[in-house]
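Visitor: Below is a structure I'd like to ask you about.
The values are calculated or read from the model by the stated rules, or taken from the named source; none is laboratory data. Here the structure is a predicted model, which means the values were calculated and not measured. Note that each Cβ is placed from the backbone with ideal geometry, even for glycine, and that neighbours are counted across all protein chains shown.
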Amino acid sequence: MAQGAYRLQEKTRPGEVQPSNEPRSTPDARPAPLTMGRLLPSGGDSRILLDETTGLNRYSCQPFPDEAARAFGSSTASVISVPAYAAGERLAKHLNVSLAQGADAADLYAQEMDRIRQALLTLLGLHDLPGLGVIIGPSGTDLHRIMAQLAGLGTNAPPLVIACESAETGSTVGDALGGHASAGSSLRGHISVLQRPDAAQPCQILQAPSRTPDGEPRPPQEVDQEVMAVASAAATLGRRVVLVLMDVSKTGLISPSIDCALELKRRFPEQLEVLVDACQMRIGPATLRAYLEADFLVAVTGSKFMTGPTFSAALLAPEGARRRLGAQRLPVALAAHSMRADWPADWPGVGALPAAANFGLALRWQAALEEIAPFLALPQDQVHAFFQAFAMATTDHLNHDPAFEPLAQRPLDRVALGAPLGWDAVQTIHPFLLIGPSGPIAPQDALGLHRLMGMDLGGWARAVGESPAHQACAHERVQLGQPVSCGQRDGRPLSALRLCASARLAVDALGPGGLGPQAVIDDALKALDKAAWLCRRVTSAA
């Protein structure tokens with residue numbers, strides 16, 4: 001069960017499994033009033049717990065708004081905004097009143113999760129898709145774990161899961177799907193059988209790298225050929241296959257191609273499940289609908305691009321996938337990760353899950369909805385134009401400042417889906433290497449620089465006699481996407497930082513009373529100026 005779960009009046013039936021005893025915070029018998037400050041970092045895993053010294057979680061985010069910080073790190077996480085925090089506080093107040101009046105916590109949580117599901121589907125324009133199910137989870141990692149466990153139900157042979165490398169997905173996704181892959185394991189290496197004690201079947205996890213060892217994107221046809229060969233061989237033998245289609249990765253890639261996924265689904269409609277990892281949520285409603293109509297499951301989050309607080313995720317299961325994956329009752333191991341109300345009420349076996357409440361998850365999703373609504377209300381042609389201007393200015397700056405080397409990307413090709421072209425055809429993640437006198441700086445230096453970006457260094461810059469321009473950029477407090485591993489060069493590991501556009505920035509640029517597009521773009525360029533200044537300072541000190 002998630003850490004910090006609120007478990008007043010937990011209801012179980014005879015024979016139902018009890019939640020696992022994994023470490024988590026335990027509420028008092030008479031818990032304190034629910035507040036955003038208390039609940040925002042609860043009901044997830046250790047990644048959202050706050051460091052006692054810094055008051056930040058593992059993503060360098062605090063549990064309350066910080067309007068002074070420049071938020072360009074949405075590929076990792078964003079600090080909660082003032083409107084989103086207020087929305088969460090309103091829900092917390094409602095929950096406190098209801099509990100004080102004697103409402104059952106589990107029933108109250110179920111009501112709120114049903115409301116959140118319907119609100120999400122309405123905002124995304126998916127409420128009219130028949131049979132669509134929404135499974136709520138704390139994080140994308142939890143959704144991958146759920147998918148792996150569902151795939152193992154009722155099978156005689158271990159399911160085969162094909163996914164791209166963990167550096168492009170998430171450090172914990174491999175664990176969720178089946179465990180740590182062996183070093184060097186890939187389609188060009190070997191398949192590792194990875195046993196999970198809580199899985200219905202051991203999963204075979206196969207990594208399909210999207211980048212070469214030196215960080216360049218692999219030719220998509222090369223990735224597709226390998227994925228097609230291995231998936232087809234496994235499905236022909238009667239094994240269940242889960243293909244994880246990344247849209248988009250940490251560095252802005254789609255892999256394998258959508259054409260590859262559609263062809264495999266056409267050949268093996270009952271044996272192969274496609275899970276679209278859209279946890280970055282850098283896809284528009286039309287693209288999302290097209291995936292679901294293709295009978296693909298889609299994992300999304302309210303954080304990342306949508307800038308809600310970290311740990312708000314949902315797995316969208318179309319009618320066909322629900323029929324196939326719901327043919328067997330839920331595995332008892334899911335009781336360690338899911339509440340009953342997190343699942344559609346009519347999913348077979350859902351009664352075996354604990355009837356408890358994770359109000360931290362509910363408040364985070366409420367905050368995320370507060371970010372999603374104003375973004376989707378913007379004229380989408382204006383959003384498209386803004387992201388194009390943002391991308392052009394950012395790319396030009398990265399190309400012309402010797403402190404940077406843009407990390408190579410591919411165009412975002414979704415033509416095979418047949419969905420209308422929208423803003424999601426524009427890159428909104430801009431990864432780059434920082435270049436010192438001897439080449440790209442080391443990963444540990446990139447991590448240290450990432451932390452310094454979030455600090456006001458204006459006073460120090462004045463003290464050491466920096467120019468007024470450098471003092472101004474040193475004063476800015478900036479969130480960038482955390483460094484991500486992207487191969488090696490001359491035997492030295494590479495690590496890329498990321499400057500990102502997001503839903504919140506689009507609202508800042510285009511919404512009522514906003515800053516305007518050019519002001520937001522100027523802030524992004526100032527953020528890069530601070531990174532360049534710090535890079536020169538770090539490398540000269542070394």
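Visitor: Quick one: which of 389, 393, 362, 373 is modelled with pLDDT of 95 or more and crowded, with 24+ Cβ neighbours inside 10 Å?
Guide: None of the others qualify; the one that does is 362.
Visitor: Conditions first: (1) at pLDDT 95 or above; (2) in contact with a strand residue (DSSP E or B) (Cβ under 8 Å, 6 or more places away or on another chain). Residue 439 passes all but one, so which condition is the exception?
Guide: Of everything listed in (1) at pLDDT 95 or above; (2) in contact with a strand residue (DSSP E or B) (Cβ under 8 Å, 6 or more places away or on another chain), residue 439 misses just condition (1).
Visitor: Report those helices (runs of 4 or more DSSP H) wholly inside region 116-186 carrying at least 3 residues which are surrounded by 22 or more Cβ atoms within 10 Å (Cβ to Cβ) and either on the phi > 0 side of the Ramachandran plot or modelled with pLDDT under 90 (or both).
Guide: 140-151, 173-177
Visitor: Here is a further query. Pick from 538, 520: which is under 15 Å from residue 428 (Cα atoms) and either touching a helix residue (DSSP H, G or I) at 6+ places or on another chain (Cβ under 9 Å) or part of a strand (DSSP E or B) (or both)?
Guide: Result: 520 is the single residue among 538, 520 that is under 15 Å from residue 428 (Cα atoms) and either touching a helix residue (DSSP H, G or I) at 6+ places or on another chain (Cβ under 9 Å) or part of a strand (DSSP E or B) (or both).
Visitor: For the list (1) closer than 21 Å to residue 422 by Cα; (2) among the basic types (Lys, Arg); (3) surrounded by fewer than 22 Cβ atoms within 10 Å (Cβ to Cβ), I need the number of the one condition that residue 489 fails.
Guide: Condition not satisfied by residue 489: (1).
Visitor: Among the residues of region 79-109, what is the count of those that are assigned to a loop (DSSP other than H, G, I, E, B) and in contact with a helix residue (DSSP H, G or I) (Cβ under 7 Å, 6 or more places away or on another chain)?
Guide: Residues meeting the conditions: 2.
Visitor: Looking at region 260-280, can you tell me whether even one residue there is buried (at least 24 other Cβ atoms within 10 Å of the Cβ), touching a residue at least 60 places away in the same chain (Cβ under 8 Å) and out of contact with any Leu (no Cβ under 9 Å at 6 or more places or on another chain)?
Guide: Scanning region 260-280, I find at least one residue that is buried (at least 24 other Cβ atoms within 10 Å of the Cβ), touching a residue at least 60 places away in the same chain (Cβ under 8 Å) and out of contact with any Leu (no Cβ under 9 Å at 6 or more places or on another chain), so the answer is yes.
Visitor: Going by what's in this entry, would residue 478 be described as closer than 24 Å to residue 409 by Cβ, surrounded by 20 or more Cβ atoms within 10 Å (Cβ to Cβ), within 24 Å of the chain's Cα centre (by Cα) and in contact (Cβ under 8 Å) with a residue 60 or more places away in the chain?
Guide: yes
Visitor: Follow-up question, since we're still on this one. Of all residues in region 426-473, count the ones that are over 26 Å from the mean Cα position of the chain (by Cα) and more than 30 Å from residue 382 (Cα to Cα).
Guide: Total satisfying the criteria: 24.
Visitor: For region 221-272, enumerate the residues that are under 15 Å from residue 151 (Cα atoms) and either among the small types (Gly, Ala, Ser) or assigned to a helix (DSSP H, G or I) (or both).
Guide: If the condition is that a residue be under 15 Å from residue 151 (Cα atoms) and either among the small types (Gly, Ala, Ser) or assigned to a helix (DSSP H, G or I) (or both), then 231, 234, 235, 238 are the ones that fit.
Visitor: In region 409-422, how many residues are closer than 22 Å to residue 217 by Cβ and surrounded by 15 or more Cβ atoms within 10 Å (Cβ to Cβ)?
Guide: Number satisfying all stated conditions: 6.
Visitor: Only residues in region 35-54 that are touching a residue at least 24 places away in the same chain (Cβ under 8 Å) count as the first member; pair them with residues that are assigned to a loop (DSSP other than H, G, I, E, B) and of a type in the set (Lys, Arg), Cβ under 7 angstrom, at least 6 apart or cross-chain, and list the lot.
Guide: 47/58
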